[in-house]
Amino acid sequence: MLYIVPTPIGNLKDITIRSIEVLQSVDVILCEDTRTSGKLLQHYQIQKPLLPYHLHNEHKVVQNLTAELLSGRNMALITDAGTPGISDPAFLLVRECVKNNIEVISLPGATAFVPALVNSGIPCNRFSFEGFLPIKKGRQTLFKKLAEEERTMIFYESPLRLIKTLQEMMQYFGETRQCSVSRELTKMFEETKRGTLQEVINYFSQKNIKGEIVIIVEGKN
């Protein structure tokens with residue numbers, strides 16, 4: 001059996017009792033970075049073998065992991081933060097499990113875009129999750145397409161690219177389009193800035209930006 005287990009996006013208390021019980025029960029825990037996951041597991045006194053599973057090795061190891069699961073081993077897949085599969089590795093292994101009739105159980109839990117969306121003040125009844133934008137190829141084409149999107153849009157971004165991305169959004173969506181930028185969610189310096197794209201650009205242009213970023217942009221009216 002493969003368990004998909006969300007882990008805290010910042011505050012270590014944001015993990016479910018069930019997730020802790022699953023991590024304590026499995027034979028192996030698959031993780032992006034053994035050092036990062038090791039801190040969480042140590043905090044909850046969980047001692048299990050860790051195997052790396054990340055974007056750079058998932059194609060190489062997926063068949064071996066599938067074989068291990070077919071042999072009867074139970075595994076849990078976690079990432080550095082949040083829910084595996086949401087802008088993090090999971091899809092390839094889950095697909096192989098489905099093909100081989102291996103049971104997959106996905107636990108509910110932390111995902112960065114949910115609190116960012118809910119507290120944005122922008123409609124959240126219908127939305128489009130875009131994750132990380134292409135850095136180069138296809139970026140302009142996607143922006144042109146999203147300029148006509150009527151649903152609320154959700155993006156992940158690095159602090160180093162935040163201003164550039166907001167400026168491009170203003171170019172394609174207009175400077176008065178409402179947006180919300182959340183960073184360091186659940187952590188000590190959690191911050192959310194709401195306003196027009198121009199207002200949010202002006203605000204963050206004056207700051208030393210740190211932490212993981214979630215951008216919420218209203219759809220076309």
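The values are calculated or read from the model by the stated rules, or taken from the named source; none is laboratory data. As the structure is a prediction and not an experimental result, all values here were calculated from the model. Quick reminder, even Gly has a Cβ in these numbers, built from the backbone with ideal geometry, and neighbours come from all protein chains shown.
Computed values, structure above
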| quantity | calculated |
| --- | --- |
| Residue, nearest to the chain's Cα centre (by Cα), within segment 134-160, restricted to residues that are hydrophobic (A, V, I, L, M, F, W, C), surrounded by fewer than 19 Cβ atoms within 10 Å (Cβ to Cβ) and over 14 Å from GLU212 (Cα atoms) | ILE135 |
| Matching residues, segment 122-153, being of a type in the set (A, V, I, L, M, F, W, C) and either touching a helix residue (DSSP H, G or I) at 6+ places or on another chain (Cβ under 8 Å) or not assigned by TED's automatic domain parsing to the domain that holds ARG194 (or both) | CYS124, PHE127, PHE129, LEU133, PHE143, LEU146, ALA147, MET153 |
| Matching entry among ILE213, ILE201 (being modelled with pLDDT of 95 or more, under 17 Å from the mean Cα position of the chain (by Cα) and surrounded by 15 or more Cβ atoms within 10 Å (Cβ to Cβ)) | ILE213 |
| Answer residue from segment 105-121, given it is buried (at least 17 other Cβ atoms within 10 Å of the Cβ) and out of contact with any Pro (no Cβ under 8 Å at 6 or more places or on another chain) and is farthest from GLU218 (Cα to Cα) among those | ALA112 |
| Qualifying residue in segment 178-194 (condition: over 21 Å from CYS124 (Cβ atoms), of a type in the set (Val, Ile, Thr), under 23 Å from the mean Cα position of the chain (by Cα) and assigned to a loop (DSSP other than H, G, I, E, B)) | no |
